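The values are calculated or read from the model by the stated rules, or taken from the named source; none is laboratory data. What you see is a predicted model; the values in this text were computed from it and never measured. Reconstructed Cβ throughout: ideal geometry from the backbone, glycine too, with neighbour counts over all protein chains shown. Surface accessibility is based on the protein's heavy atoms, side chains included, excluding ligands, DNA and RNA. Shrake-Rupley method; radii C 1.70, N 1.55, O 1.52, S 1.80 Å.
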Amino acid sequence: MASLNKVLVIGNVGADPEMRYTADGKAVTTFRVAANFTTTSPEGDRKEETEWFQVVTWQRLAEQCSQFLQKGRRVYVEGRLRTRSWETQEGERKFRT
């Protein structure tokens, strides 16, 4: 049976991207994207909601995102979901998708 892990997001960059380098010299850029959508209640009231996505890019794409993206800019992101987990110094388990 085939499987697929693909995500498409169109939204606005929430803050200027942050670029750093790994210990072996690979560029990594992270930024958040806000995607808005509108829902309507059964009474007809419209409500706008925002979903935030954390985006991580690597190597040449990371350098380009750092160079060309900035807060408020419209962006199209295509990729896959990945969940990481780690343990804090206090022993608490954290997750990020």
How would L69, L8 line up by accessible area, probe 1.4 Å, largest first? L8, L69
G14's amide H: which non-local residues (gap 5+, or another chain) put their own amide H closer than 5 Å, with H modeled 1.01 Å from N in plane and none for Pro or chain starts? R32, V33, A34, G72
Applied in sequence order to the range 84-97, the curve 6.51 cos²θ - 1.76 cosθ + 1.60 (Karplus, θ = phi - 60°) yields integer Hz couplings, x standing for Gly and Pro, of 10, 9, 7, 10, 6, 5, 7, x, 7, 8, 10, 10, 9, 9
One checks the Cα atoms of the chain and finds Rg and Dmax, in Å, of 16.7, 57
In nm, to one decimal, how far is the modelled label at T38 from the one at R82, with both set 7 Å along Cα→Cβ? 3.7
Any idea of the accessible area per residue across the chain, 1.4 Å probe, to the nearest Å²? 82
